[in-house]
Amino acid sequence: MVGYGECFFAPGLTAVVRELKPLVVGGDSFDIRRLLHNLRTAGFMASPHGGVLHHAMAAIEAALWDIVDKRLSVPVYKLWGGAYRRRLRLYADCHAGEGLASLNSINAPRVPWWLGAGDTDAVPLEVHPRYHGGRSAEAIEVDIGAYTKRAGEAVEEGYTAVKFDLDIPNSYARDDYNRMLSPQELELLVEVVAAVREAVGPTIDVAVDCHWNFSAESAIAAGRALAPHNLMWLEDPVPPGSDEAFRRVVRESATPVATGEHHYLATQFAHLLEAGLLIVAPDLQKTGLIEGRRIAELAELYTASVAPHNIASALGTLQAAHLSATVPNFTVLEHHRLDVPFWEEVVTGREAPVIQDGHITLEDKPGFGVDLDEEVAYRHRKRDEPFFDAAPA
Ligand code: MG
């Protein structure tokens, strides 16, 4: 019996998975909670609140659910009490109008080898002070037409929700470190969002992502300036860590705030919900599925909605979709199919395309309903890493 689980990348991840192996091998796959407890205890001194250990546990947990439900011949969503909906809404992440920059496991931008960079993931070590490549850039003309074009294409494909990066590289940013938006930058952001809103009309949901790059003051100014354009959410406006800065942005920005992809535990989400967060966006490839459900149910007590962060392949996206089906407060799921040419090919057992008209419909197959195509996964593995116990035969 084989089950598969996908988790979020991290430096050293596969070594952690291998190190945890003795705590899982030989166990009963029905003992998921107890096995997870053992894993958490084993790594508690190094990783009590989140991080790479939790990523590894998320993968192991998902694989266990897949095995258990295959043993019982039921889909995961049915074992979890059934679906509120089997057709899940997705949003198209349109970035800055173009494709997403590919990052390696230490967040350095790279040209992925499958796009012709040769048989290597090596990159010159040049990590920008801002996550996501920074804003200040000399002589960058922001092409608003690229945003509206991409938004139009997404709507054409059937999406009812789109998301754009708001931490746009531009020549008006005065400083790479102080997280302050200059007045011209603020004007530019409003111009971009207004153009997207006009292009998609009033019935399409539009979200924007700040990738933790703004100060509280700038985030509040941006949220207020964008309020007339009725955004679905302003994502990750300020860096994680300052509850008070976050609380002020939530209360004062006049635009709903979403956050959560850097948080791992329901206790951490409890603080955010107490601060007034309206949309929780956990990454289920980091939190794991049991904790993810707990976070979703906690949010429900606050009538906050759940919009999972998700950059996984079709495998991990289906894991997130099964969970999303079983919580009433789900609104919309992220995906990055358009950025990854082999996104779909890594799974078998389901008719392509997995995403149709901006939605995923869950099938009635056991587990998460798919298997990993190990050939394809092997071809696209991280370079210089072992592949499970051995390469596929
Ligand atoms: Mg994000």
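Throughout, read-outs are computed from the coordinates displayed, never taken from laboratory work. Since this is a predicted model, take the numbers as computed values, not measurements. With ideal geometry, Cβ positions are generated from the backbone for all residues, glycine too; neighbour counts draw on all protein chains shown.
Mind listing which chymotrypsin sites (Phe, Trp or Tyr not before Pro) in the stretch 1-95 are in a DSSP loop and have 11 or fewer other Cβ atoms within 10 Å? Sparse-neighbourhood loop chymotrypsin sites (Phe, Trp or Tyr not before Pro): Phe44. The fewest-to-most ranking of Asp69, Asp384, Asp243 by surrounding Cβ atoms within 10 Å reads Asp384, Asp243, Asp69. Summarising the amide proton neighbourhood of Thr361: residues at separation of 5 or more, or on other chains, whose placed amide H is nearer than 5 Å comprise Leu88, Gln356. With the convex hull drawn around the C-alpha atoms of the chain, the volume per residue stands at 142 Å³.
Relative contact order of the chain, taken over Cα pairs closer than 8 Å and 6 or more residues apart, is 20 percent.
Within the chain, antiparallel bridges make up roughly 30 percent of the DSSP beta bridges whose residues both belong there.
Loop-resident GluC sites (Glu not before Pro) (DSSP state other than H, G, I, E or B) in the stretch 331-370 with no more than 12 further Cβ atoms inside 10 Å of their Cβ: Glu351. If R0 is taken as 45 Å, the Cβ-Cβ distance between Thr203 and Val25 corresponds to a FRET efficiency of 0.30.
Applying 0.36 nm per residue to the separation of Arg224 and Arg18 and subtracting their alpha-carbon distance, the gain on full extension is 69.4 nm. Exceedance of the 26 Å cut-off in Cα-Cα distance is limited, within the set Lys21/Lys365; Lys21/Lys382; Lys163/Lys286; Lys70/Lys382; Lys286/Lys382, to Lys21/Lys365; Lys70/Lys382. Counted over all Cα-Cα pairs of the stretch 13-73, pairs farther apart than 20 Å make up 21 percent. With the convex hull constructed from alpha-carbon coordinates only, the stretch 248-353 shows a mean projected area of 7.2 nm² over all directions.
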